[in-house]
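**Student:** A single structure is presented below for examination.
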Amino acid sequence: MFRFGFIRFRPVLTIALFTLTVIAVSPVAAQTTQRGPSDVVRDFYKAMREHRFKDAWSLTIYKPAVQDLSAEEMEDLRADFEDKAAQIPEQIQITGEQISGNTATVFVVVPATESTPQITSEPVTLFSSGGVWIIGDETNEAVVKKAGRRFFLDALISEHQSDVEDLLKRLIAVQIVYSAQNKGVFGDLPALIATGLVSKEAGNPNAIGYGFHITVAKDGKSYVAGAEPTRYGRTGKLSFWMDQTGAIKSVDNGGKPIAGPK
C-alpha cells in the first residue's frame with residue numbers, strides 16, 4: 001500500500017503517514033471544518049493518481065516543501081512522485097473516521113495484492129489547523145516548515161548519494177565474481193552490465209542522477225570507479241571515488257571528479 005513517505009528519503013520521508021492513533025469520536029469537531037478528514041484523504045489520493053502532485057502535497061504537512069518549487073524543480077522530483085503514485089490502488093474505500101479535538105484518524109481499506117494477500121485497513125492521521133484538516137502530524141510539519149522548499153530537493157540529493165555509495169559497496173563483490181569468471185581481470189561498467197552483474201540503471205545518469213564510470217588498468221588487475229552528480233546541487237553534491245581495495249572517498253568539490261592517490 002502507498003505509504004506517505006519516500007523509500008530511503010531522510011529523515012521524515014521514511015516515516016509512514018499511516019500511524020495508528022486510538023482516539024474518541026467527536027461529531028462537534030467534525031462539523032467545525034469546511035471539509036472533513038475523509039474528504040481530505042480522498043482528495044489526496046485522487047490528486048496523486050492524477051499526477052497533480054502539488055495539489056496532493058498541499059493537502060499534507062509537505063505543503064511548504066512544494067508550494068514554491070519551480071516547474072523545473074518539480075520535474076526533477078517527478079520520477080519519485082510518480083513511483084509513489086503508482087503504489088496507490090485504483091479504488092480507495094474509506095470505512096470510517098475518528099475525531100478528537102484537532103486530531104483525526106481516517107481508516108482506508110487496502111485491497112489484497114500479491115505482497116499483502118489479505119484485505120487490510122490503514123489508518124491515516126490528520127490534524128486541524130485554522131479550520132482545515134491536514135494529513136500528517138504537527139511535529140513533522142515543523143521539520144518540513146524549517147526546511148521549506150529544500151525539503152524534497154535535499155531528500156532527493158541524499159537518496160541519490162546513498163544509492164551511489166551502496167552501488168560502490170556492492171561493486172567490490174561484483175568485481176570479485178567477474179574476475180573469477182574472466183581469468184582474474186576486472187570489468188568496466190559496460191562489461192558488468194552486459195553480464196547482468198550490475199543493473200542497466202547504473203549506466204543511466206538520468207536514472208541515478210550521477211555519471212557512474214569504471215576505469216580498468218591495461219593489465220586488468222586493478223580498477224578505479226567514480227561518480228559525479230549530473231547536475232551539481234540538483235541531483236547530488238558529493239563526488240565519489242573507489243579503487244579495487246574498496247576504499248571509498250566522497251567529497252563535495254563542486255561536482256568535479258575526485259583525483260585518486262598519487
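**Student:** Report the calculated FRET efficiency for LYS54 and ASN253 (r = Cβ-Cβ distance, R0 = 25 Å), to the nearest 0.05.
**Tutor:** For LYS54 and ASN253, the calculated efficiency is 0.15.
**Student:** Share of region 38-191's accessible area from carbon and sulfur, percent, 1.4 Å?
**Tutor:** C and S atoms contribute 50 percent here.
**Student:** Working out 0.36 nm times the residue gap between THR230 and ASP166, then minus their Cα-Cα distance, what length gain in nm do you get to one decimal?
**Tutor:** 21.3 nm
**Student:** State whether region 144-262 is rounded, prolate or oblate according to the following rule on the C-alpha gyration tensor (a ≥ b ≥ c being the square roots of its eigenvalues): a/c under 1.5 gives rounded; otherwise a/b larger than b/c gives prolate, and the remaining case gives oblate.
**Tutor:** Because a/c hits 1.5 or more and a/b exceeds b/c, region 144-262 counts as prolate.
**Student:** May I ask you to compute the full-extension gain from ALA191 to ALA217, defined as 0.36 nm times their residue separation minus their alpha-carbon distance, rounded to one decimal in nm?
**Tutor:** 7.9 nm
**Student:** If you roll a 1.4 Å probe over the heavy atoms of the protein chains, what accessible area per residue do you get for region 72-171, in Å²?
**Tutor:** For region 72-171, the solvent-accessible area averages 49 Å² per residue.
**Student:** Show me, for region 91-108, the HN-Hα J-couplings you get by feeding each phi into the Karplus relation (A = 6.51, B = -1.76, C = 1.60, θ = phi - 60°), rounded to Hz, glycine and proline as x.
**Tutor:** Couplings: 10, 10, 10, 9, 9, x, 9, 10, 10, 9, x, 9, 10, 8, 10, 10, 9, 10 Hz.
**Student:** Another question, then. How long is the gain from GLU82 to VAL143 if the chain were fully straight, where each residue apart is worth 0.36 nm and the alpha carbon distance is subtracted?
**Tutor:** 19.6 nm
The values are calculated or read from the model by the stated rules, or taken from the named source; none is laboratory data. Small disclaimer: the values here were computed from a predicted structure and weren't measured. Here Cβ is always computed from backbone atoms with ideal geometry, including for glycine, and neighbour counts include all displayed protein chains. For accessibility, only protein heavy atoms count, side chains too; no ligands or nucleic acids. Shrake-Rupley method; radii C 1.70, N 1.55, O 1.52, S 1.80 Å.
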